[in-house]
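Reading through the structure tokens given below for one structure.
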Amino acid sequence: MAKIVVSYKGNPLLIENSELSFGMPFTTLSSKTFQALFDYATIGILITNSKGEIQSANKFIEHQFGYTEHELLGLKVEMLIPQRFKERHVHHRERHSNDPHSRPMGLGMELAGLKKNGTEFPVEVSLGHYTIDNENYALAFINDISQRKETEQAIKHLNTHLEEKVKEGTQSLALTVEQLSAQIKETERKDAELQRVNTFLNNIWNHAGAIIIVCDKNGLILFINPAAEKALGYKSGEIVNKHNLVLFHVLAELQNKAAELSIQTGRNISADFEVFTTLAALNSSNDLEFHFVRKDSSTFFVSLDITLMKDAQGVTSGYLGIAIDISEKKVAEAELRAALEKEKELNELKSRFVSMASHEFRTPLSAVLSSAYLLSRYTTTEDQANRDKHIQRIVTSVSSLTEILNDFLSVGKIEEGAVHPHYSHYDVRKQMTDIIPEVQHLFKKGQSIYYQHSGGDIIFSDASMLKHIVTNLLSNAIKFSPEDTLVTLTTDNSKDKFTLSVKDNGIGIPKEDQGSLFRRFFRSSNVTNIQGTGLGLHIVNKYAEIMNGHIECQSEVGKGTQFTITFTNKSAGNENNSDH
């Protein structure tokens with residue numbers, strides 16, 4: 001059974017596996033660590049190619065066979081075997097090269113090594129193999145068992161001596177042999193179990209998807225596993241024994257955590273590795289969420305567990321950090337929260353719609369019902385004026401209902417993200433001229449609209465959205481202005497922007513309400529007696545944002561209100577900037 005024991009800073013590291021493969025150079029855990037294991041192992045280790053030529057031999061095997069450093073390289077491995085075994089060994093080696101597999105060598109046979117000075121000594125050999133670039137290599141662990149043989153001879157001599165005195169010590173001998181046998185079996189059992197555990201841990205280290213980092217008690221990184229190298233973008237040699245664990249952390253997060261711990265512990269905690277030592281001492285070092293910083297300065301979310309490591313005497317020797325990339329989980333959580341918030345907003349919108357509809361629909365529906373009833377009573381020619389009045393009331397009420405429903409439909413589509421601009425080139429002067437007659441049915445006595453345009457007539461915009469914006473602003477201007485007042489509509493199409501303005505001489509908006517004008521369902525404090533849903537300006541603002549526009553409001557109570565929207569980027573483009 002091949003066995004290597006290395007002590008690193010007081011911590012024993014045992015590797016025991018006849019099938020353990022070493023590459024050239026070593027890459028498991030740390031190349032420096034395993035190179036040290038190879039060079040200073042207390043067992044002979046050599047590597048040969050498929051021709052039996054020695055490719056690498058550690059210092060111990062050179063000492064075993066009496067050769068100077070690197071003297072064995074390139075020689076046939078049969079140089080280390082007594083002459084009587086060489087021919088048979090060549091046959092076994094060629095067969096093993098054709099069908100490589102890991103095994104103990106020479107089961108049931110007495111194996112011997114040949115030193116440079118011709119001296120033979122008994123050995124025990126375990127073979128392993130690996131392949132690099134389609135070339136097979138054999139790995140041999142060679143153990144000098146001279147002392148064991150001497151012990152066996154001593155035991156045989158002791159047995160002979162005991163047989164002579166069998167009558168005196170039969171029971172004692174039987175007990176001694178039984179104890180020795182039990183000790184050998186227990187040792188073999190422990191060896192097998194240790195080999196199994198080492199193999200298991202080695203597989204975890206090399207193939208685990210989690211980031212594993214081992215550092216000393218001051219945070220100096222001692223080992224990182226392959227998953228950590230891949231996730232963080234560093235090679236082991238770039239950071240091992242060179243950097244502290246805080247290399248991977250965002251300073252602001254460490255500062256926030258240090259501030260929390262300072263309050264919790266009543267002492268000043270530094271924004272460095274002390275954060276983790278404090279968390280470990282408080283047993284609060286599991287499932288910590290941090291951002292890890294890659295070599296290229298990008299970051300990703302991890303769930304980090306820090307475990308305190310102690311030696312056999314219970315003294316802290318270092319810390320083990322295991323981190324799981326939870327970036328996708330965080331994205332999913334954010335999307336879920338956004339979806340829940342959106343669902344909450346939509347449910348609120350539905351609830352407000354039901355509440356609003358029950359209130360806002362009552363007045364126009366009552367007007368339609370009463371007017372329809374009165375129309376049925378006016379049957380003579382002389383009643384035509386009354387019929388016209390009530391027909392106009394019905395038209396106005398139906399228009400009001402349609403406006404409310406359209407507002408709710410528009411808000412629903414905006415909240416669902418289903419509204420997208422469809423740009424085209426068209427004549428904005430003609431569009432404004434066509435819109436004005438469509439809102440005249442809302443005029444109070446003596447009201448009128450004055451329209452003025454400057455710049456080119458052709459703009460690049462979404463005609464439908466722009467119409468909705470203008471119609472809404474004009475409707476509000478008419479609704480919140482008294483009789484005999486003028487509403488001014490102005491458009492300007494310059495080289496790099498398009499500006500739209502609607503100004504009235506109405507009741508104005510209180511200064512304290514102007515910051516909330518574009519909130520959904522918001523209504524100014526001085527319009528409680530005027531019908532409305534509080535959705536119009538919200539929709540106007542959303543449409544303006546969708547078309548890369550910016551809206552501004554200037555208003556003074558009792559003197560009127562002016563809304564100005566400036567469109568840039570796509571909405572400012574115009575291929576024909578000539579006046580018509």
Taking neighbour counts of Cβ atoms within 10 Å as a proxy for exposure, in what order, fewest first, do 239, 326 appear?
-> 326, 239
Alpha-carbon Rg/Rh ratio, for the stretch 424-572, with Rh computed the Kirkwood way | 0.95
What lysines sit close enough to residue 497 to cross-link, taking a C-alpha to C-alpha distance under 23 Å and skipping anything fewer than 8 places away on the same chain?
-> 430, 467, 542, 570
Order the peptides 306-313, 483-490 from the highest to the lowest mean number of other Cβ atoms within 10 Å of their residues.
-> 483-490, 306-313
Can you tell me which of 53-65, 447-459 comes out highest on packing, and rank the rest after it, using the mean Cβ neighbours within 10 Å?
-> 53-65, 447-459
Sticking with the crude label model, points 7 Å out along Cα→Cβ, report the distance from residue 315 to residue 148 in nm, one decimal please.
-> 3.5
Distance in nm between pseudo-label sites at residue 388 and residue 190 (7 Å out along the Cβ direction from Cα) | 11.5
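R0 = 56 Å: FRET efficiency of residue 253 with residue 49, Cβ-based, nearest 0.05?
Given R0 = 56 Å and the Cβ-Cβ separation, E is 0.60.
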Would you mind getting the Kirkwood hydrodynamic radius of the stretch 207-325 from its Cα pairs, rounded to one decimal in Å?
-> 14.5
The stretch 230-280: Cα Rg divided by the 2.2 N^0.38 Å rule of thumb | 1.34
Can you tell me which of 180-193, 540-553 comes out highest on packing, and rank the rest after it, using the mean Cβ neighbours within 10 Å?
-> 540-553, 180-193
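No lab work stands behind these numbers, since they all come straight from the coordinates. What you see is a predicted model; the values in this text were computed from it and never measured. Glycine gets a Cβ as well: all are built from the backbone with ideal geometry, and neighbour counts include every protein chain shown.
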